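The values are calculated or read from the model by the stated rules, or taken from the named source; none is laboratory data. Predicted, not measured: the structure shown is a model, and the values here were computed from it. Positions of Cβ are backbone-derived with ideal geometry, glycine not excepted, and every protein chain shown enters the neighbour counts.
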Amino acid sequence: MADEVNGQKARVRPRAYDASRRRAAAEGTRRLILDIARELFLAKGYGATTVAEIARRAKASPETVYKNFGGKPGLVRAIQEQSLLGAVGPPAEERSDRAQLTETDPRKLMDRFGRFTTEISPLGAPIVLLIRDAAASGHAEMAELLRDVDDARYQRMLHNANQLVGRGLLRPGLSAEEAADVMFTCTAAELYESLVIKRGWTAERYGRFVARALAANLLDQPSDAPQ
């Protein structure tokens, strides 16, 4: 029964639809799907992992997975892109750009690059290796994704190199393309595989190694460095 005010029916204003809770729930489901997909892909491999199993573990429908990610290739792509954000704070790419624009000591900048590697490689390298192995097993969509990932990483390294050359932080005579090749090599998942996965290095030791390798190949050596 409608309320009455002074004998007249009061107008009942419709409540504004609040979609924030629904959006938050959807985003929570999306994150859960990615976390479970990552766990299953790394444990079982690309081919043996199914959308049905991911959906079941996430208590979601397969249709929800397909709607959000378009199937297994989209899931792997989303996981790989998520790994590039880093573990804490603003996206690692933003923090890297800020460091390149503000740091004046090139050796300290190489150390910061090493710390970024310590943070990102444990997240991203296993996924790139998963993509590589799936591509080698004949999954065409993973071969295409591997090309995309490699191209995007090289373009990012070239972007970094151009900034460093422009600020005069690299060894004189070193081109942006040469610097990008060094940085591309030092950020390869295969290097992480060799030293961390196969040789048992910690991520921290690996990051320090990358920082030293970058400094040795990109910067002028100190006058007291061994010849």
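Kindly indicate the residue of the stretch 134-186 that is of a type in the set (Lys, Arg) and not in a helix (DSSP H, G or I) and also farthest from Arg77 (Cα to Cα) among those meeting that condition. Can you show your working first?
So in the stretch 134-186, the residues of a type in the set (Lys, Arg) come out as 147, 153, 156, 167, 171.
Checking the rest, the ones that are also not in a helix (DSSP H, G or I) come to 167, 171.
On the way: Arg167: 34, Arg171: 36 Å.
Among those that are of a type in the set (Lys, Arg) and not in a helix (DSSP H, G or I), it is Arg171.
Counting only residues that are over 19 Å from Ser121 (Cβ atoms) and part of a loop (DSSP other than H, G, I, E, B), the stretch 60-92 holds 4 of them. The one condition from (1) buried (at least 16 other Cβ atoms within 10 Å of the Cβ); (2) at pLDDT 95 or above that Leu85 does not meet is (2).
Which is of a type in the set (A, V, I, L, M) and either touching a His at 6+ places or on another chain (Cβ under 7 Å) or modelled with pLDDT under 95 (or both), of Val65, Val76, Val12, Val51? Break it down into steps so the answer makes sense when it comes.
Numbers: Val65 fails: either touching a His at 6+ places or on another chain (Cβ under 7 Å) or modelled with pLDDT under 95 (or both); Val76 fails: either touching a His at 6+ places or on another chain (Cβ under 7 Å) or modelled with pLDDT under 95 (or both); Val51 fails: either touching a His at 6+ places or on another chain (Cβ under 7 Å) or modelled with pLDDT under 95 (or both).
Of the residues listed, the single one that is of a type in the set (A, V, I, L, M) and either touching a His at 6+ places or on another chain (Cβ under 7 Å) or modelled with pLDDT under 95 (or both) is Val12.
Residue count for the stretch 91-108 under the criterion of being under 15 Å from His159 (Cβ atoms) and modelled with pLDDT of 95 or more: the result is 0.
Return the only residue of Leu129, Leu145 being over 30 Å from Leu101 (Cα atoms), touching a residue at least 60 places away in the same chain (Cβ under 8 Å) and surrounded by fewer than 17 Cβ atoms within 10 Å (Cβ to Cβ).
Values: Leu145 fails: surrounded by fewer than 17 Cβ atoms within 10 Å (Cβ to Cβ).
Of the residues listed, the single one that is over 30 Å from Leu101 (Cα atoms), touching a residue at least 60 places away in the same chain (Cβ under 8 Å) and surrounded by fewer than 17 Cβ atoms within 10 Å (Cβ to Cβ) is Leu129.
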